[in-house]
Amino acid sequence: MEIHCHLTKVGLLSNRHITPSLLKLYIAHDRMLEARELFWSVLEWSTDPFHGNLMLMGFLKSGQIDKAYQIFKRMPVKDLVSWNSMIAGAVRSSHLKDAMNLFSRLVSSGLVPDGFSFSSVLSACARAGARQYGVWVHQLMTELVVETNHIISSALVDMYAKCGRIDVATEIFNTVKRNHISVWNTMISGLAAHGLGSDVVILFRKMKSEEVVPDGVTFVALLTACSHCGMVEEARQYFKSMTTEYSITPEVEHYGALVDALSRAGLLDEAYNLVRSMNVKPDAVIWRALLSACRRYRQTKLGEVTVEHVACYSSGDYTLLSNIYSSANRWNDSEELWKQRKQKKIRKSKGLSWVELGGSTHEFKAGDRSHPDSKDIYQVLRGLSKRAKVEGYAPLTELVTKDVSEEEREENLTFHSEKLAVAYSVLKTGPGTEIMVSKNLQTCSDCHEWMKIISKVLCRVIVMRDRIRFHRFEGGCCSCKDYW
């Protein structure tokens, strides 16, 4: 502040030669308040976007997306650097809708997006599951004849894979240059998320035949694929080959994927022994993978031991252990756990599902009635649930952690967010149309069973992307083969 005051007195803040250096100095030392004051004075005599871009860089570097946006709005002239900075910053801050909106405005401004613009917005589409918007972005790239590199290629493969079109992702992968490891890693990760373990094994062999050397990221993807598909022996072999063939030291992510593979297969003792013998300190993710398996296989004692190793319980940890107690009809223990959570003021992570229809994203929370079409959505959902019961669906009421009546438990399960999203899609689309739903958490067993039966009842494909993987429901079956 002393520098700023002195320069104000001697009238140097309006000096066009000194200002850029001073602005950089303030930003480099995280003195953004002084930098912002200086920038407002610059606007009185300059429309050069250079100064505004410096401010955007400073605020975005520190994660202050809202303040960056204030600067962006005040900039009289915005160049491509300005737009790219804001789009990338929005993606990093998980403001995915804002990133896509900014990209649309960039296109409307008359400026031509470059490779950086496209890679950033494709990342936003991938994370949001915004397939329709992503397809439009890809078409625009084709029209502008954007030169592709490994970054653009990886972004396209990732977008289609995460938006449920693994077939298109594979087509793109087969047509682009594959001389960079990131393109291979993206394709392997996409196949893994879709539970296509056999395809992953084949692709890895092809990768080696083309003399592309795998890295640590490759093996995380390989082990994840094994975990999703019950390929335990393959997981053991890949984990071993990391060190013996490629001299890659296993990190916590590799151990975590192997623990997950063993746990999902019901090999809980082996998984627990692996965790205890790790060369690195196990993180909370590893313990939670084991805890989740304890819930699935109803291993109450190991679940209690496991949860003690989680340094700071999250809402999910309480939910998992509570489900373990509920499955064992230990209602008092389950209730006590929720009391502890309430005392510690730990909020439950709310399930959120969304669908992209008509160029808009529609979000739903469990029991949510805020949508304008709520009345019709709930009417459709009740009708679907009745038809599902006729086909043999029975609500898994043991998943409800409270000791309440059977009717109340069933009511609790009926209005989960993914069911509301499916009901809305049925309401707004014609027969035979594929339904695509995204969810921020892992889907529950009840919704998984419900989706299988509804896909048969409606004769429609339902694709659901949850926090862990993809599920493709068709004709009463799921692509995961009930191994998830």
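So if I check each of Ser109, Ser94, Ser117, which one is in contact with a helix residue (DSSP H, G or I) (Cβ under 9 Å, 6 or more places away or on another chain) and crowded, with 16+ Cβ neighbours inside 10 Å? Steps first, answer last, please.
Values: Ser109 fails: crowded, with 16+ Cβ neighbours inside 10 Å; Ser94 fails: crowded, with 16+ Cβ neighbours inside 10 Å.
Result of the check over Ser109, Ser94, Ser117: Ser117.
Against the conditions (1) closer than 28 Å to Lys177 by Cα; (2) at pLDDT below 95; (3) crowded, with 19+ Cβ neighbours inside 10 Å, where does Glu211 fall short? Just the number, please.
Result: Glu211 fails condition (3) only.
Just to verify a result, which residue in region 227-241, among those that are in contact (Cβ under 8 Å) with a residue 24 or more places away in the chain and more than 21 Å from the chain's Cα centre (by Cα), is least open to solvent (accessible area, probe 1.4 Å)?
Taking the candidates together, the pick is Ala235.
Picking from Arg341, Arg347, Arg369, which residue would you name as being crowded, with 18+ Cβ neighbours inside 10 Å, modelled with pLDDT under 95 and not hydroxyl-bearing (Ser, Thr, Tyr)? Let's see the steps before the verdict.
Numbers: Arg347 fails: crowded, with 18+ Cβ neighbours inside 10 Å; Arg369 fails: crowded, with 18+ Cβ neighbours inside 10 Å.
From the options Arg341, Arg347, Arg369, the qualifying one is Arg341.
If you check Val145 against the conditions, is it β-branched (Val, Ile, Thr) and either assigned by the TED database to the domain that holds Ile435 or surrounded by fewer than 19 Cβ atoms within 10 Å (Cβ to Cβ) (or both)? Let's see the steps before the verdict.
Working: β-branched (Val, Ile, Thr): yes; either assigned by the TED database to the domain that holds Ile435 or surrounded by fewer than 19 Cβ atoms within 10 Å (Cβ to Cβ) (or both): yes.
Spelling it out, Val145 is indeed β-branched (Val, Ile, Thr) and either assigned by the TED database to the domain that holds Ile435 or surrounded by fewer than 19 Cβ atoms within 10 Å (Cβ to Cβ) (or both).
Among the residues that make up region 157-168, is at least one of them more than 24 Å from the chain's Cα centre (by Cα) and either open to solvent by 10 Å² or more (accessible area, probe 1.4 Å) or closer than 18 Å to Ser85 by Cβ (or both)? Steps first, answer last, please.
Applying the first criterion (more than 24 Å from the chain's Cα centre (by Cα)) to region 157-168 yields none.
No, there is no match, as no residue in region 157-168 is more than 24 Å from the chain's Cα centre (by Cα) and either open to solvent by 10 Å² or more (accessible area, probe 1.4 Å) or closer than 18 Å to Ser85 by Cβ (or both).
Restricted to region 193-205, and to residues that are open to solvent by 80 Å² or more (accessible area, probe 1.4 Å) and not aliphatic (A, V, I, L, M), which residue is farthest from the chain's Cα centre (by Cα)? Break it down stepwise before answering.
Taking region 193-205 first, the residues open to solvent by 80 Å² or more (accessible area, probe 1.4 Å) are 198, 202, 205.
This time we only want the ones that are not aliphatic (A, V, I, L, M), so: 198, 205.
Values: Ser198: 24, Arg205: 28 Å.
In this case the residue turns out to be Arg205.
For the subset of region 169-187 comprising residues that are more than 19 Å from Ala130 (Cα to Cα) and surrounded by 20 or more Cβ atoms within 10 Å (Cβ to Cβ), which member is nearest to the chain's Cα centre (by Cα)?
Among residues in region 169-187 that are more than 19 Å from Ala130 (Cα to Cα) and surrounded by 20 or more Cβ atoms within 10 Å (Cβ to Cβ), the one nearest to the chain's Cα centre (by Cα) is Asn185.
Yes/no per residue for (1) surrounded by fewer than 17 Cβ atoms within 10 Å (Cβ to Cβ); (2) at pLDDT 90 or above; (3) out of contact with any Phe, Trp or Tyr (no Cβ under 9 Å at 6 or more places or on another chain):
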site: Val10; (1), (2), (3): yes, no, yes
site: Leu38; (1), (2), (3): no, no, no
site: Met55; (1), (2), (3): no, no, no
site: Met75; (1), (2), (3): no, yes, yes
site: Arg105; (1), (2), (3): yes, yes, no
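One line per residue, one yes/no per condition, for (1) hydroxyl-bearing (Ser, Thr, Tyr); (2) modelled with pLDDT of 95 or more; (3) buried (at least 16 other Cβ atoms within 10 Å of the Cβ); (4) part of a helix (DSSP H, G or I):
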site	(1), (2), (3), (4)
Glu356	no, no, yes, no
Asp376	no, yes, no, yes
Gly392	no, no, no, no
Glu398	no, no, no, yes
Ala421	no, yes, yes, yes
Leu427	no, yes, no, yes
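Looking only at region 445-477, count every residue that is under 17 Å from Asp167 (Cα atoms) and either in contact with a Pro (Cβ under 8 Å, 6 or more places away or on another chain) or not in a loop (DSSP other than H, G, I, E, B) (or both) and tell me the total. Please lay out each step first, then the result.
Looking only at region 445-477, we keep the residues that are under 17 Å from Asp167 (Cα atoms), and these are 461-465, 469-474.
Now narrow it down to the ones that are either in contact with a Pro (Cβ under 8 Å, 6 or more places away or on another chain) or not in a loop (DSSP other than H, G, I, E, B) (or both): 462-465, 470-474.
Count: 9.
Please enumerate the residues belonging to region 451-468 that are open to solvent by 10 Å² or more (accessible area, probe 1.4 Å) and either over 17 Å from Leu420 (Cβ atoms) or hydrophobic (A, V, I, L, M, F, W, C) (or both).
Listed by number, the residues that qualify are Lys452, Ile453, Lys456, Val457, Leu458, Cys459, Val461, Arg467, Ile468.
Look at Arg288 and say whether it is out of contact with any Pro (no Cβ under 9 Å at 6 or more places or on another chain), open to solvent by 60 Å² or more (accessible area, probe 1.4 Å) and at pLDDT below 95.
Working: out of contact with any Pro (no Cβ under 9 Å at 6 or more places or on another chain): yes; open to solvent by 60 Å² or more (accessible area, probe 1.4 Å): yes; at pLDDT below 95: yes.
Here the answer is yes, as Arg288 does meet what is asked.
Can you say whether Gly190 is within 24 Å of the chain's Cα centre (by Cα), touching a residue at least 40 places away in the same chain (Cβ under 8 Å) and within 28 Å of Ile462 (Cβ to Cβ), as far as the supplied structure shows?
Working: within 24 Å of the chain's Cα centre (by Cα): yes; touching a residue at least 40 places away in the same chain (Cβ under 8 Å): no; within 28 Å of Ile462 (Cβ to Cβ): yes.
In short, no.
The values are calculated or read from the model by the stated rules, or taken from the named source; none is laboratory data. Given the structure is predicted, the values throughout are model-derived calculations rather than measurements. Heads up, the Cβs are rebuilt from the backbone with ideal geometry, glycines too, and the neighbour counts pull from every protein chain shown. With ligands, DNA and RNA removed, areas are computed over all heavy atoms of the protein, side chains included. Shrake-Rupley method; radii C 1.70, N 1.55, O 1.52, S 1.80 Å.
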